[in-house]
Amino acid sequence: HLLKINKEDDMKSSSQVTGLPLMGVKEGMEFGTVQDIVIDPQTKTVKSLILRGAKNEYDYRELKLSDIIGIGKDYVITQTIENAVAMGLSNAGMALLNIRCIASSGDVLGNVKDFVFDEKTGVIKSVQLDTGDEIPGESIMALSNNLLFITAAQQADNAESSLEQEQQEYMLGRVVKN
């Protein structure tokens, strides 16, 4: 049984990662579970995972993406559970789940339900909204004040090209008379 490694394996959705326990290689033991995923608003990439420790309900730890060896079906793997550090109040990052998504055209598109990111680079590949819409990561303009702003041009282009396509398909095989 060979382990097949391809680029797609590095893509993880927030729903796959949330709830996973952390496993420290050095200790050979579990520590806490992933509660949330922190996004760096400046780089628009995943910065860290927030873990809820086992001690009490206030024991939250932050694990930087760079300290993660791998994310599988069963565990988030790190070299040592000491990498999960107590969270400071100056946590410069924000959550992406359940925040409102607004297009640059001024339309509210829905709330973020899930998102897919590269576990190695943190790059957000796509965002799924509670409306069922999927937005490519490249469309993300900004993350601020718990809002996700995306470029509306993306949607307009798609609508326009599908209309053009429809018109072309309609015109195919028709003879135009003067």
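Remarks
- Net charge dipole size for the stretch 41-86 [Lys, Arg +1 and Asp, Glu -1 on Cβ; Debye, nearest 20]: 180
- Whole-percent carbon and sulfur share, accessible surface of the stretch 12-65, 1.4 Å: 50
- Here is the tail figure for the stretch 21-132: Cα pairs spaced more than 18 Å apart come to 53 percent of all pairs.
- Mean projection of the Cα convex hull over all viewing directions, computed for the stretch 80-144: 5.8 nm².
The values are calculated or read from the model by the stated rules, or taken from the named source; none is laboratory data. All values derive from a computational prediction rather than experimental measurement. With ideal geometry, Cβ positions are generated from the backbone for all residues, glycine too; neighbour counts draw on all protein chains shown. The area values use the complete protein model at the heavy-atom level, side chains included, leaving out ligands, DNA and RNA. Shrake-Rupley method; radii C 1.70, N 1.55, O 1.52, S 1.80 Å.
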